[in-house]
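Laboratory data are not the source of any read-out in this text; all were calculated from the coordinates shown. Keep in mind the model is a prediction, meaning the values are calculated, not measured. Backbone-built Cβ (ideal geometry, glycine too); neighbour counts: all protein chains shown.
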Amino acid sequence: MQSTPSDTILVIGAGGQLGLELTHELRQRYGASHVVAADVRAPKDAATQESGPFELLDVLDKNRLEEVMRQYKPKQVYHLAALLSATAEKNPKFGWQLNMDGLFNVLDASVDLGVQQVYWPSSIAVFGPDTPRENTPQLTIMNPNTIYGISKLAGEQWCEWYFKKHGLDVRSLRYPGLIGYKSLPGGGTTDYAVDIYHKAVAGQSYECFLSEDTYLPMMYMPDALKATLDLMHAPAEQIKIRSSYNLGAMSFSPREITASIQRHQPDFRVTYQPDSRQQIADSWPASIDDSRARQDWGWQPDFDLDKMTQDMLVNLKQQVALSV
Ligand code: SER
């Protein structure tokens, strides 16, 4: 289904790193009143609340979820609420409960209430230490060893099962680390690549929690939004993978992102103090083979590291200038 302006879209987890930006993008495209933002907390960013409908929603509360869905009758649901990798390791049972039961609630309510399309994000965390690290293929050894990764891999299989058994049009991407200037991540292993820009713009040095040669797949937020909406708009017959698509854009290490920033700010300094997130990063791919996404629905990223750095620095400096 391609959303038309008369359709309603529900974004669950609209206050998160991806949710904030996706909600803004969807409201730009379809009109604010057609995009319902829902989150367990009222957004700090008043714009999300003021620019269109907002509902307080804990996705673990199935009755409340159904109430919101009965009220707005969304044709599309973006279910983004989850605990990320580092946070879920600290709170494993809750991480599992939120990531799995939240997904079940959304999938079941979507089947029961006739939602036409569901989007659910997966992650490079579905791969583990036995996975080939370079150019990781779509189909390969998985064996994730974080709660987040286990929940995402199980979730992918459940999405495929709901598609096959219930005909629910669920679509999913395995995001790399996402980097943007409009919203902050929370509790992820790839978050250093966002924090580092904020420190640089504040004129401070940065202490990195990963070692300088840790390569991870990454993506600039405009590419992530484009990929998500391209996937959702693609004709159903082009979506050949119903678990989740590998998605890539760039791969870099802390040393390389530092060098990219230093081309604009030669005085910027980074020190390295790896913590428990290093182990998580070491179990993930360094780069991703996303050829299936390119073949099936025409995926093509726009941003590499230096283009992203340029854009991040300009926009973050502008934000700082406007806030004083
Ligand atoms: N960015 C996520 C994390 O670091 C991975 O999907 O947890």
Globularity ratio of the chain, using Cα Rg and 2.2 N^0.38 Å: 0.96
Long-range amide H partners of S251 with built H, under 5 Å: M218
Using a Förster distance of 51 Å, the FRET efficiency for E256-L56 (Cβ separation, nearest 0.05): 0.80
Defining a contact as two alpha carbons under 8 Å apart and six or more residues distant in sequence, what relative contact order in percent does segment 137-208 show? 14
Between the helical axis of 305-323 and the dominant principal axis of the chain, each derived from Cα atoms, what acute angle in degrees is found, rounded to the nearest 10? 80
Student exercise: in segment 1-123, how many lysine pairs 8 or more apart or on different chains have Cα atoms under 29 Å apart? 9
Number of Lys pairs in segment 97-222 with C-alpha atoms less than 30 angstrom apart, excluding same-chain neighbours closer than eight positions? 4
With the dipole of segment 150-266 worked out from charges on the C-beta (+1 for Lys and Arg, -1 for Asp and Glu) around the Cα centre, which of G180, F209, W161 lies farthest toward the positive end? W161
Rounded to the nearest 10, the angle in degrees between the Cα long axis of helix 102-112 and the longest principal axis of the Cα atoms of the chain comes to 30
A student applying the Cα gyration tensor rule (rounded when a/c is under 1.5; otherwise prolate if a/b is larger than b/c, oblate if not) would label segment 208-324 oblate
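Treating only the Cβ of Lys, Arg, Asp and Glu as charged (+1, +1, -1, -1), what charge dipole size does the chain show about its Cα centre? Round to the nearest 20 debye.
340
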Could you pull the Rg and Dmax for segment 4-104, using just the Cα atoms, both in Å? 13.5, 42
Degrees between helix 147-166 axis and first principal axis of the chain (Cα, 0 to 90, nearest 10): 30
